Every structure is written in C-alpha cells, then in structure tokens.
Amino acid sequence: MSEDTPSVTRATEVLRSAGVAFTNHLYTSDEKGSTEVCAKQLNIDEHAIVKTIIVEADGKPYMVLMHGDMRASAKVLAAVIGAKAVTPCLSEKAEEYTGYQPGGISPFGARMKIPVCMEETILNLRKVYINGGKKGYFVGMDPYDAVKILHPVLVKVGSARAA
C-alpha cells in the first residue's frame, strides 16, 4: 500500500460492507486535532469536516456528529435526548467505548453500539469528511450514506465556535 493510501480500518470495513462510496484523505494532525488545521491542509471547508464527539449523558455514552467549525451545546443536547446532564467524555473512556484512540475516533465500527446524534445541517452538504478510524485520516462521503449506516437522531445543538 502506498503512503497515499491508508490501511484498512474497522471504519472502512463497515463502509465497504455497506457498499458506501468514499474517498481517502490523509493529513498531518496537530496536537489538538484541530479541524481548522486539517481543513487548511486538505484545502476543504472546515464546515464540511464532521467531528465525532463522545459524551456521557446520565452515565451512558453518546456520539455527537458536529461540523468542524461549530461546538455542541451540552445543555441543549441534554434537553433533546431527555438527559439530566451531558458531559464530555474522558479520552480513556472514549477509547474504551469506541475502540478508537483519541484523534482517530470514527462513528463507523465502534466497539460498542452507541446512540448517535447528528447536527441536522450536516445533511445540507453534498460531501462531508469524517474520521476514517485513525489519526490523520478522513473519509469523504455523502452525508446521507452516513445516515443509512448510523441511523442517527437528527438534532439542532450546534452553535458557532468562540473565536
């Protein structure tokens, strides 16, 4: 396999088995895993990057799929899913739930079945870039294909990220 082609991951296995067309996009991640840095390297709109955020709601894990240039409101998400509280998940717990290392968490092929909430405006995009199962690797795909596989609850919990 060339350096331009990533190795097979659980995420790409899920996509291939579902017959989903996707493109490979490799980048060099910074320490924070900044979507802004990734977008510049790949010459794509940061809004089209879909980050996978692992949270806990009343002690249970949830995945939140959010635009790269936005943040998810824990308070609004809690109200939408009927939880008392939503808190960010510690890296170790996120890895335990998903089987993916932080910076490489994909919504496809997680170790556990985790409910998924997707920012509804993601579906307004023709193509999105989602982590492909390892740090430095996105898959580009139609957002409706992600819906077919993940069966997310569509939510409106995003807001502009503070500058």
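No value in this document is a laboratory result; all are computed from the given coordinates. Quantities reported herein were computed from a predicted structural model and do not represent experimental measurements. Every residue, glycine as well, gets a Cβ built from its backbone with ideal geometry; the counts of neighbours run over all protein chains shown.
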- Message: Need the full-extension length gain, residue 85 to residue 28, defined as separation in residues times 0.36 nm minus the C-alpha distance. One decimal, nm.
- Response: 17.1 nm
- Task: Do me a favour and compute the ellipsoid semi-axes for the chain from its Cα gyration tensor, root of five times each eigenvalue, largest one first, whole Å.
- Result: 23, 17, 16
- Query: Among the listed pairs 84/127; 75/113; 40/84, which are separated by more than 32 Å between their Cα atoms?
  - Reply: 84/127; 40/84
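Considering only the chain, what is the antiparallel percent among its DSSP beta bridges, to the nearest 5? Provide the component values of the computation, followed by the final result.
Working: 22 of 30 bridges.
Taking every DSSP beta bridge with both residues in the chain, the antiparallel ones total about 75 percent.
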- Rank 54, 114, 130 by mean-square fluctuation in a GNM of the chain with C-alpha springs under 10 angstrom and give only the top-ranked residue. 114
- Would you please state which residues of segment 109-126 a label at residue 154 would reach in this model, taking the label point 7 Å out along Cα→Cβ and a backbone N cut-off of under 17 Å? 116-126
- Message: Given Cβ point charges of +1 (Lys, Arg) and -1 (Asp, Glu) and nothing else, what value in debye, to the nearest 20, does the dipole of the chain about its Cα centre take?
- Response: 380 debye
- Query: Of 55, 138, 9, whose Cα points farthest to the positive end of the dipole of the chain (charges on the beta-carbon: +1 Lys, Arg; -1 Asp, Glu; origin at the Cα centre)?
  - Reply: 55
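Highest mean first, how do 138-146, 21-29 rank when packing is the count of other Cβ atoms within 10 Å averaged over residues? The partial results should precede the final answer.
Working: 138-146: 19.7, 21-29: 14.7.
The packing order, highest mean first, is 138-146, 21-29.
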